[in-house]
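Step one of this worksheet: look at the structure below.
The values are calculated or read from the model by the stated rules, or taken from the named source; none is laboratory data. None of these values were measured; they are calculated from a predicted model. Here the Cβ is made from the backbone with ideal geometry for all residues, glycine too, and neighbour counts use every protein chain on show.
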């Protein structure tokens, strides 16, 4: 499965005014819901917060990849958010974030690991990231 197959146009938002982690997660969960693959948005949001409690998903270079596997996810998908102004996503993060990619994956299986690996490989390309920020 290609990364591009996991997005839809409605699951991408540019120049968001979200100003903190709660607003960011709320917006990303709503974007994920456009795929029609969440049977319970509140349960998925709780799974995201549980994952964030384990360790921040801030990567580096202003990029954060919140992700969770949950029973309420019927099929894998991605949502993307670009912020107008970089924000501190998590108090423990070393930097501010302005590019976020949320991975939703079903509870069973390991597809989320493949999705995360492919996405991270793309995000290591500085030219690609610069285009996302333009």
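So here's what we get for this one:
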{"read-out": "The stretch 123-134, residues that are in contact with a helix residue (DSSP H, G or I) (Cβ under 9 Å, 6 or more places away or on another chain) and either exposed (fewer than 13 other Cβ atoms within 10 Å of the Cβ) or assigned to a loop (DSSP other than H, G, I, E, B) (or both)", "value": "128"}
{"read-out": "Filtered residues of the stretch 22-59 (kept if touching a helix residue (DSSP H, G or I) at 6+ places or on another chain (Cβ under 9 Å), modelled with pLDDT under 95, surrounded by fewer than 21 Cβ atoms within 10 Å (Cβ to Cβ) and within 18 Å of residue 91 (Cα to Cα))", "value": "52, 59"}
{"read-out": "Residue list for the stretch 89-112, filter: without any contact (Cβ under 8 Å) to a residue 40 or more places away in the chain, within 22 Å of residue 14 (Cα to Cα) and assigned to a loop (DSSP other than H, G, I, E, B)", "value": "95, 96"}
{"read-out": "Residue check for residue 115: touching a residue at least 40 places away in the same chain (Cβ under 8 Å), surrounded by fewer than 16 Cβ atoms within 10 Å (Cβ to Cβ), in a helix (DSSP H, G or I) and touching a strand residue (DSSP E or B) at 6+ places or on another chain (Cβ under 9 Å)", "value": "no"}
